[in-house]
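Undergrad: Below is the structure I would like to discuss, written out as structure tokens.
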Amino acid sequence: MFVIENINSQTEERVVVDPRYRVLVRGWVFAKDGFEPLRNRISFLVLSPEGETNAGKSGYCLVIDWHERMDVTEYMKATARECCFGFEVSFMLKGLPDGEYRLSMLEVGEGENLLVGSSHSLVVRH
């Protein structure tokens with residue numbers, strides 16, 4: 001489950017962004033059992049071009065700001081020792097051509113990786 005609460009303070013599922021300015025994405029993610037929501041886990045926010053199969057045109061950034069979300073912990077009935085479901089990530093879109101990019105989260109686990117999709121997308125326009 002991957003929930004984006006806002007992109008640049010906008011709550012729409014499709015947000016137009018100018019690549020000359022930073023993009024700020026806030027939300028939370030629960031990959032699945034077996035992927036612990038630790039503060040120091042390895043996860044990437046991935047931007048994949050809509051309708052493209054060429055991964056070379058994708059963008060990604062490492063998510064390092066993980067924090068506890070008591071509302072999500074309660075909702076997921078989580079019992080892990082650390083429940084850092086919430087994230088905030090800020091990045092630039094330099095080098096990405098104009099177009100629409102679907103957002104997903106790549107969770108890197110021990111021996112297994114998982115890509116969790118979202119219904120949100122960024123529309124890059126110069």
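Undergrad: Inspect all residues belonging to the stretch 6-14 and state whether any of them is open to solvent by less than 70 Å² (accessible area, probe 1.4 Å), in a loop (DSSP other than H, G, I, E, B), of a type outside the set (Asp, Glu) and at pLDDT below 95.
TA: no
Undergrad: Right, here's the next one. Looking for whichever is over 18 Å from residue 9 (Cβ atoms), among the hydroxyl-bearing types (Ser, Thr, Tyr), buried (at least 17 other Cβ atoms within 10 Å of the Cβ) and touching a residue at least 60 places away in the same chain (Cβ under 8 Å) here; the options are 121, 104. Which one fits?
TA: Numbers: 121 fails: over 18 Å from residue 9 (Cβ atoms).
Exactly one residue qualifies, and that residue is 104.
Undergrad: Mind telling me which of the residues 60, 21, 75 ends up being at pLDDT 95 or above and hydroxyl-bearing (Ser, Thr, Tyr)? Before you say what the answer is, go through the steps one by one.
TA: Working: 60 fails: at pLDDT 95 or above; 75 fails: at pLDDT 95 or above.
21 is the lone residue from the list that is at pLDDT 95 or above and hydroxyl-bearing (Ser, Thr, Tyr).
Undergrad: Here's another thing I want to ask about it. Please go through the stretch 46-98 and give me each residue that is surrounded by fewer than 19 Cβ atoms within 10 Å (Cβ to Cβ) and polar (S, T, N, Q), ordered by number.
TA: 53, 54, 58, 79, 90
Undergrad: Still on this structure, please answer the following. Could you give every pair whose Cβ atoms fall below 8 Å, whose first residue belongs to the stretch 9-28 and is closer than 30 Å to residue 73 by Cβ, and whose second residue is assigned to a loop (DSSP other than H, G, I, E, B) and hydroxyl-bearing (Ser, Thr, Tyr), counting only separations of at least 6 or pairs across chains?
TA: The qualifying pairs are 24/9.
The values are calculated or read from the model by the stated rules, or taken from the named source; none is laboratory data. All values derive from a computational prediction rather than experimental measurement. FYI the Cβ positions are ideal-geometry reconstructions off the backbone, even for glycines, and counts take in every protein chain you see. These accessible areas exclude ligands, DNA and RNA; they are computed on the full protein's heavy atoms, side chains included. Shrake-Rupley method; radii C 1.70, N 1.55, O 1.52, S 1.80 Å.
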